[in-house]
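Down below is the structure, laid out as structure tokens.
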Amino acid sequence: MKKSLIFVIFLLILLPSEDFNGNKNWEIETIDMQENIGMDTSICIFNEDIFISYYDVERKILKLASFVNGKWGIEIVDSGNVGIYSSIAVDSYGLLHIVYYDANNDSLKYAKKNNFWKIDTLDYGGVGKHASIAISNDIVHVSYYDERNGNLKYARIEGDEKSIEIVDSGNAGIYSSIAVDAFGRPHISYGNVRGKLFYAFLKDGKWIIEEIDKNSVIWESTSIAIDNLSHPHICYYDISRDDVWFLKHAYFDGKKWRVEVIDPDLIGFYNSKGASIAVDSYKRIHVAYFGWKGWDLKYAYFDGEWHLEKVDEEGDVGAYPSIAIDSNGYPHISYTDRSNLDLKYARKINYEPKKPEKSKGKIFAKIGKEFFYETISNDFDGDKIRYGWDWNGDEIVDEWTDFYEPGNKIKISHLWNKPGIYKIKVIAEDEKGFLSKWSEGKIIFVIK
């Protein structure tokens, strides 16, 4: 198959803002604790209902955890050495669809629930690992690995009609992840056996294939999401260097691919997957991932800059994460507690205010005279915000304002009694006591 390769990649290594707030911003639950369960989790949301598919290692079965009407329920979907590489999606009618690997028959299975589970073999003959599912306009799209022939394959299901095709060949298709854009076109991220990252996009009936971040060596995971401009975002681990490993984000900006580092501090030892990405309607990027260095569940989000949080660090937690965003823009994460062999679930309940803008005002001031400075911040939760002003650059608040509605510009006056060079900064605090990062500093020259 002909491939078009992109060799010019712009790599941005920007140190993220490390907001390790722990789980004070999260609610965490253990969903299933029946011994040796919770691998290959996948999560989806329909209205207020939450659904998680996962593999029960002890019993070798596929299970489903459902949060409906305010409580969790657990059921068996399929049994008989099945359920690895599970991936779940929900259609516009609220019907659940799961693809997964059947280890007994070396095949790809597909389960759909409409009051009861209907289970079919979607493809067979050394296929079904690294399966991923997405639904758009009630059309089911599936990517998966044909291990016997070394191919990336794609299945499309519309009603009773099913079609299967090879997307890429030549030992390609591991770690596949699929997403669909607003025009119903599938996008797939995946790797080959040499650890190279690829991206496939169906355009006018033909697959366009590109190599992304050609210097990287990926491990265990890729995950893809599509933004409101139908541009792809891919997260993955890069273990190409001996001294440092990265969690990376590759994205197409409309003209070219760009690559940036989300977390530069992952080196420990090769570990379980994974990383999972989503983009919300507010254009924020969310990533749940297993922090290999500390064996913890971590979360990163981008709202103009990357923020990192430790979600759960009680033991060996964070493997096999999957992320979904609810209608209000809050992330929900399913993952495995390997210390206790449990299925766990985390839901974000609060964001800190956004870092205030660099203050605006005159850079020259006279002693004894008031000068006005202006800034603005926002709070995703809608909490009121007060602003703490640091008038001398030591990052200690010298003066707090009253609380204001988020997203409104505020203005404050200040006077200096001594000449000199000052740096002013501002921080935001919401009604719940959560603090933003300090704003960029502004230099003020105070003269007599």
Worksheet entry | Single residue of ILE396, ILE412 found to be assigned to a loop (DSSP other than H, G, I, E, B) and of a type in the set (A, V, I, L, M) | ILE396
Practice prompt. Grab the strands (runs of 3 or more DSSP E) fully contained in the range 80-165, keeping just those with 2 or more residues being in contact with a strand residue (DSSP E or B) (Cβ under 8 Å, 6 or more places away or on another chain) and of a type in the set (Val, Ile, Thr).
Written response: 82-90, 96-102, 116-124, 127-136, 139-146
Worksheet item: Out of curiosity, is TYR335 closer than 30 Å to TRP400 by Cβ and either out of contact with any Gly (no Cβ under 9 Å at 6 or more places or on another chain) or of a type in the set (Ser, Thr, Tyr) (or both)?
Response: no
Worksheet item: All but one of (1) buried (at least 19 other Cβ atoms within 10 Å of the Cβ); (2) more than 21 Å from the chain's Cα centre (by Cα) hold for ASN114; which doesn't?
Response: (1)
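If a residue must be of a type outside the set (D, E, K, R) and either touching a Leu at 6+ places or on another chain (Cβ under 9 Å) or outside the structural domain of LYS118 (by TED's automatic domain parsing) (or both), how many such residues does the range 40-84 contain? Spell out how you get there, then give the answer.
If we filter the range 40-84 for residues that are of a type outside the set (D, E, K, R), which is where we start, we get 41-47, 50-55, 57, 61-62, 64-70, 72-74, 76-77, 79-84.
Next, only the ones that are either touching a Leu at 6+ places or on another chain (Cβ under 9 Å) or outside the structural domain of LYS118 (by TED's automatic domain parsing) (or both) stay: 41, 44, 46, 51-55, 57, 64-66, 73-74, 76-77, 79, 82-84.
Within the range 40-84, residues that are of a type outside the set (D, E, K, R) and either touching a Leu at 6+ places or on another chain (Cβ under 9 Å) or outside the structural domain of LYS118 (by TED's automatic domain parsing) (or both) number 20.
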Worksheet item: Which ones in the range 372-390 are part of a strand (DSSP E or B) and among the aromatic types (Phe, Trp, Tyr)?
Response: PHE372, TYR373, TYR387, TRP389
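Every residue in the range 348-371 that is farther than 21 Å from GLY433 by Cα and part of a loop (DSSP other than H, G, I, E, B), please. First the steps, then the outcome.
Start the filter on the range 348-371 by keeping residues that are farther than 21 Å from GLY433 by Cα, which leaves 358-371.
Scanning the range 348-371 gives LYS358, SER359, GLY361, LYS362, ILE363, ILE367, GLY368, LYS369, GLU370.
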Worksheet, complete the sentence: Checked the range 96-111 for anything of a type outside the set (Asp, Glu) and buried (at least 16 other Cβ atoms within 10 Å of the Cβ); matches are LEU96, HIS97, ILE98, VAL99, TYR100, TYR101, ALA103, SER107, LEU108, LYS109, TYR110, ALA111
Worksheet item: Could you count how many residues in the range 166-203 are surrounded by fewer than 20 Cβ atoms within 10 Å (Cβ to Cβ) and either of a type in the set (Asp, Glu) or in a loop (DSSP other than H, G, I, E, B) (or both)?
Response: 12
Worksheet entry | Identity of the residue in the range 237-252, within 18 Å of the chain's Cα centre (by Cα) and not hydrophobic (A, V, I, L, M, F, W, C), that ends up farthest from TYR320 (Cα to Cα) | TYR251
Worksheet entry | Among (1) in contact with a strand residue (DSSP E or B) (Cβ under 6 Å, 6 or more places away or on another chain); (2) basic (Lys, Arg); (3) buried (at least 17 other Cβ atoms within 10 Å of the Cβ) - the single one LYS360 does not satisfy | (3)
Practice prompt. Take the range 43-84 and flag every residue that is among the acidic types (Asp, Glu) and crowded, with 21+ Cβ neighbours inside 10 Å.
Written response: ASP56
Fill in: Counted residues, the range 292-319 - those being under 12 Å from ASP263 (Cβ atoms), modelled with pLDDT under 95 and buried (at least 24 other Cβ atoms within 10 Å of the Cβ)
1
Worksheet item: Which residues, taken from the range 415-448, are in a loop (DSSP other than H, G, I, E, B), more than 30 Å from ASP381 (Cα to Cα) and touching a strand residue (DSSP E or B) at 6+ places or on another chain (Cβ under 6 Å)?
Response: TRP416, PRO419
Discussion item. What's the number of the only condition in (1) of a type outside the set (Val, Ile, Thr); (2) modelled with pLDDT of 95 or more; (3) touching a Phe, Trp or Tyr at 6+ places or on another chain (Cβ under 9 Å) that LYS206 fails to meet?
Written reply: (3)
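The values are calculated or read from the model by the stated rules, or taken from the named source; none is laboratory data. Computed from a predicted structure; not experimentally measured. All Cβ positions, even for glycine, are placed from backbone atoms using ideal geometry, and neighbour counts span all protein chains on display.
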